[in-house]
Amino acid sequence: MDIATRPATISIVVPCFNERESLPIFLTELSRVSSLFKDSTPPPPEFEVILVDDGSTDGTLDIIKEQAKVHSEDFTVRWISFSRNFGKEAALFAGLSRASGDFVATMDADMQDPPSLLPQMYEILATEDYDSVATRRTNREGEPPIRSFFARMFYRIINRISKADIVDGARDFRLMSRPMVNAILSMPEYNRFSKGIYGWVGFKTKWLPYVNVQRVAGETKWNFFSLLLYSIDGIVAFSTVPLSVASIMGTVFCLIAFIALIFIIVRALVFGDPVQGWPSLASIIIFIGGIQLLCLGIMGQYLAKTYLETKRRPLYVIKETSDEE
């Protein structure tokens, strides 16, 4: 596309789950930022905002409908409402599937993804040889220390055991070219991990660092346990190394068990006292049993993901959408 000869279109995909308080603030700021493009070179882009209500229970959909009318002169507002909460990954995929822009941005409504970065991101894609501009936090100020520690460990582990390039501190806030979006949409897998998918499809990405920003309103929907489960999904989705580790552990412990068996037989023949040492033997049995359960759990994770994929259920169910009106 030659954006020097005609205005480009930017689609902004915003997953919303119980964001009643933050949405008006976010859309007002987005309206202000969109006005900054008027004097840009190349020609200023046109905007469409796609709000995906992920089964909110606080009246978010009513706010979406209200704000769509308020900002109708600033940009096109389209919205989708799920029949229940299907998760952020499903909301992102639904928004990307309906985005028609030459460029597509994904961002949160809580203002932790500053809309003020959009002009800079667009200028980079329009004038430089990049397919995506992604953001990353330079610090984790405001997060509990234990959560920050495990987050950093996760990024180190997944980058070591998978081919997906996932940058520490990476946010879902990014602006992508149409070819990259099409590549992402060509992966309609049920168990989605967008940070890994962005890295797996490749394309040339420029990282834009910024200082962490606190939520403007409401509370985070991610607690430590949900983030832990999400990290497990990411590892299972983009690496088979845990299966290899389970196999290696099984081989090592079989070898240890064989050596121990020879030792016990020899000791019984020489000393004639096979009973002595049962506490240590019981401990060994419990330990090996725990390892076996761990390996079964690892294999179970992969089997469960395969089971869900083979069902071929839809990622989400739409209850209503503005496109039908």
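Table for the structure above
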| read-out | value |
| --- | --- |
| Flag if residue 179 is surrounded by fewer than 15 Cβ atoms within 10 Å (Cβ to Cβ) and either within 24 Å of residue 114 (Cα to Cα) or modelled with pLDDT under 80 (or both) | no |
| Identity of the residue in the stretch 300-325, under 30 Å from residue 62 (Cα atoms) and under 22 Å from the mean Cα position of the chain (by Cα), that ends up surrounded by the most Cβ atoms within 10 Å (Cβ to Cβ) | 316 |
| Test: residue in the stretch 41-63 that is of a type in the set (Phe, Trp, Tyr), modelled with pLDDT of 85 or more and within 15 Å of residue 109 (Cα to Cα) | no |
| Residue tally, condition of a type in the set (A, V, I, L, M), modelled with pLDDT under 80 and touching a Lys or Arg at 6+ places or on another chain (Cβ under 9 Å), over the stretch 188-245 | 7 |
| Any pair with Cβ under 6 angstrom, 6 or more apart, that starts in the stretch 10-24 at a residue that is in contact (Cβ under 8 Å) with a residue 24 or more places away in the chain and ends at one that is among the polar types (S, T, N, Q) and in a strand (DSSP E or B) | 13/106 |
| Sole residue being hydrophobic (A, V, I, L, M, F, W, C), modelled with pLDDT of 70 or more and part of a helix (DSSP H, G or I), chosen from 260, 282, 268 | 260 |
| Test for residue 150: is it of a type in the set (Phe, Trp, Tyr), at pLDDT 85 or above and in a helix (DSSP H, G or I) | no |
| Close pairs from the stretch 110-135: first within 12 Å of residue 208 (Cβ to Cβ), partner assigned to a helix (DSSP H, G or I) and of a type in the set (S, T, N, Q), Cβ under 9 Å, at least 6 apart | 118/34; 133/120 |
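Residues checked against (1) of a type in the set (A, V, I, L, M, F, W, C); (2) over 16 Å from residue 27 (Cα atoms); (3) buried (at least 24 other Cβ atoms within 10 Å of the Cβ):
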residue: 75; (1), (2), (3): yes, no, no
residue: 81; (1), (2), (3): no, yes, no
residue: 89; (1), (2), (3): no, yes, no
residue: 111; (1), (2), (3): yes, no, no
residue: 114; (1), (2), (3): no, no, no
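The values are calculated or read from the model by the stated rules, or taken from the named source; none is laboratory data. Given the structure is predicted, the values throughout are model-derived calculations rather than measurements. Cβ coordinates were reconstructed from backbone atoms using ideal geometry, including for glycine residues, and neighbour counts include every protein chain displayed.
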